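Please read the structure below before turning to the comments.
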Ligand code: 2BA
């Protein structure tokens, strides 16, 4: 068994989670905050059989669009850095980790 941890944009979360549920995945949604932009994103946890990893990746690819975001001057990003010019960053897509699950039980 694997644990898929995906950090996705809040804007994409509803459609990703709906598609995951329709495909039979169990999903836990966490409200999280990115360290750089300090704005909300969503982390989803999905425990799944290894054979279904490709299905899950396909859903994430289909529903998570990459987009540009402008960070205005005077906004704190990273470790106390305030850009003096508007900063363009890529957001969206997804950051995905796949972890081995040592043991899984529902008690
Ligand atoms: P944030 O840390 O808020 O980062 C948002 C986006 O800002 C990043 O998108 C990246 O395009 C940009 N960015 C991040 N650090 C930067 C820097 N030092 N200089 C310039 N631009 C920078 P993504 O890379 O797609 O990451 C989206 C979110 O995924 C991140 O939000 C963070 O919450 C999470 N994340 C990304 N990589 C991670 C990792 N290795 N471990 C844990 N969380 C991660």
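Each peptide in 65-74, 6-15 was scored by the mean count of other Cβ atoms within 10 Å over its residues; highest first, the order is 6-15, 65-74. Working from the Cα coordinates of the chain, the gyration tensor eigenvalues give, after taking √(5λ), semi-axes of 31, 15, 11 Å in decreasing order. Which FRET efficiency value, to the nearest 0.05, do you get for residue 82 and residue 3 by plugging their Cβ-Cβ distance into 1/(1 + (r/R0)^6) with R0 = 35 Å? Result of the calculation: an efficiency of 0.45.
Compared with the alpha-carbon gap, the fully stretched path from residue 36 to residue 103 is longer by 20.8 nm at 0.36 nm per residue. If the Kirkwood radius is taken over C-alpha pairs of the stretch 1-62, then at 10 °C and 1.306 mPa s the Stokes-Einstein diffusion coefficient equals 133 µm²/s. Ordering of 83-89, 16-22 by packing is 16-22, 83-89, highest average first (other Cβ atoms within 10 Å, averaged per residue). Between the Cα long axis of helix 10-22 and the first principal axis of the chain there is an angle of about 10°, rounded to the nearest 10. Centre-to-centre, using Cα atoms only, the stretch 10-52 and the stretch 79-107 are separated by 11 Å. Over the chain, DSSP H runs of length four or greater, each weighted -39,500 (n - 2.57), average out per residue to a 222 nm ellipticity of -7000 deg cm²/dmol. One chain, two ends: residue 73 and residue 61. Fully extended at 0.36 nm per residue, the span grows by 1.2 nm beyond their Cα-Cα distance.
Read the figures in this text as sums done on the coordinates, not as results from a lab. Everything numeric in this text was worked out from a predicted model, so none of it was measured. With ideal geometry, Cβ positions are generated from the backbone for all residues, glycine too; neighbour counts draw on all protein chains shown.
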